[in-house]
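No lab work stands behind these numbers, since they all come straight from the coordinates. Worth saying up front: this structure is predicted, and the values here are computed from it rather than measured. With ideal geometry, Cβ positions are generated from the backbone for all residues, glycine too; neighbour counts draw on all protein chains shown.
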Amino acid sequence: MSEHVAVPAVPAVPAVSPRPDRSTAVLRRRGAFRLTVVLLSGLGWLSGLVGSMVVAPPAGASTKLNGPVVGIATDPAGTGYWLAGADGGVFTGGGTGFHGSWARLRLNQPVVGITATPAGRGYWLVGADGGVFTGGDASFHGSLARHHLNAPVVGMAATPDGGGYWLVAADGGVFRFGDARFFGSAVGLHFGGRVVGMAAMPDGGGYWLVTSQGLVLPFGDAQGHGSANGLRLNGPVVGMAATADGGGYWLVAADGGVFRFGDAHFFGSLVGRPAGRHTVGIAAGPADDGYWITNTTSATYLGGTLPSNGPAAGGTGGSGGSDPGNGLPEVPSVVLLPLLAAAILGGSVLVRRRHRPAHRRTR
């Protein structure tokens, strides 16, 4: 037979939450102080980053990149620029006007280049299939969009009066439109590599083609001032820009290296710097006193001091060939602000957990 033994009930002891001792209060104060210091430091760092490295929203377009930047064109003064994205988006900087983009269109082929009109109130974009898109005061003079090409189009250049333009293909083929005259092409020449760009003489009487190995091919009244194909290149050449008088030019490589020829001056390069990675183009600055270099996300100016409109929106400014800003990658403010909010919230939670007083239960 089993027996049931009654066990007297033990009165429950209420939980005691002791008052935090002095050490706990000190920890709280120290935690709050450390959090304040961290947040203030973070705010200072972020404000400096935003002030010098933010991609400012261009007029009439979004800074969200749906495709990489593929080219740059400057206004006649050289103080502002337009960047063209592979998806047809256009981004302005330095006070240049926005004259439309084609980012919402379904393109047959990606955009590969951009050229400004002589007045600086418009631009042409060109696609790999030879399609030409006009904005502002740029006039349409024809395209290759419905023609069979042996190689994709890689660039374009405009005539001095804006009444025509040339398109160049990767095999060295040159196609003229409007009042642009034909001075020859590199088709059939054994130059090695592929043609990656062109630049026109200021009088419209000739042009240069440049290859990925740095070979410069002059046509018409364009003079050859030298090439980089005999140099040991760390990256392929991706573009060129001519001086205002046509007496020289710059070549730029994919690693941000710059090579000058003729009366073109050297203002530094972006080799080994974050802004030099994935370089895609170069354009002359004001009065040939510098140049703009663009990578797949932004533009950097190297050279003399820019006029009052200063570093262009959408890029970073520099002088004397120095690395602009603090060398950190550009981060849009729309990304920085949520990160800052998350840091504040996360920091406060960590401090609360670390310095929360223990609730002891007495028995």
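Observations on the structure shown:
- Put simply, when 103-112, 148-157 are sorted by average Cβ atoms within 10 angstrom per residue, most first, you get 148-157, 103-112.
- Added length on full extension, which subtracts the Cα-Cα distance from 0.36 nm per residue, residue 273 to residue 179: 29.7 nm
- For residue 152, net neighbour charge (Lys/Arg +1, Asp/Glu -1) across residues whose Cβ lies under 14 Å away: -1
- Rounded, prolate or oblate (a/c below 1.5 giving rounded, otherwise prolate when a/b exceeds b/c) for segment 67-303 by Cα gyration tensor: rounded
- Whole-angstrom gap from segment 190-205 to segment 137-151, using each part's C-alpha centre: 18 Å
- Local electrostatic count at residue 263 - Lys and Arg +1, Asp and Glu -1, tallied over other residues with Cβ under 12 Å: -1
- Estimated FRET transfer efficiency (residue 98, residue 148; beta-carbon r; R0 22 Å; 0.05): 0.05
- Among 246-254, 211-219, the order from most to least packed when residues are scored by Cβ within 10 Å on average: 246-254, 211-219
- Only Lys, Arg, Asp and Glu carry charge here, each on its Cβ (+1 for the first two, -1 for the last two); on that basis segment 67-303 has a dipole of about 660 debye about its Cα centre.
- Other residues with beta-carbon under 15 Å from the beta-carbon of residue 212 carry, at +1 per Lys or Arg and -1 per Asp or Glu, a net charge of 0.
- A full extension of the chain between residue 108 and residue 231 corresponds to an added length of 40.6 nm, given 0.36 nm per residue minus the alpha carbon distance.
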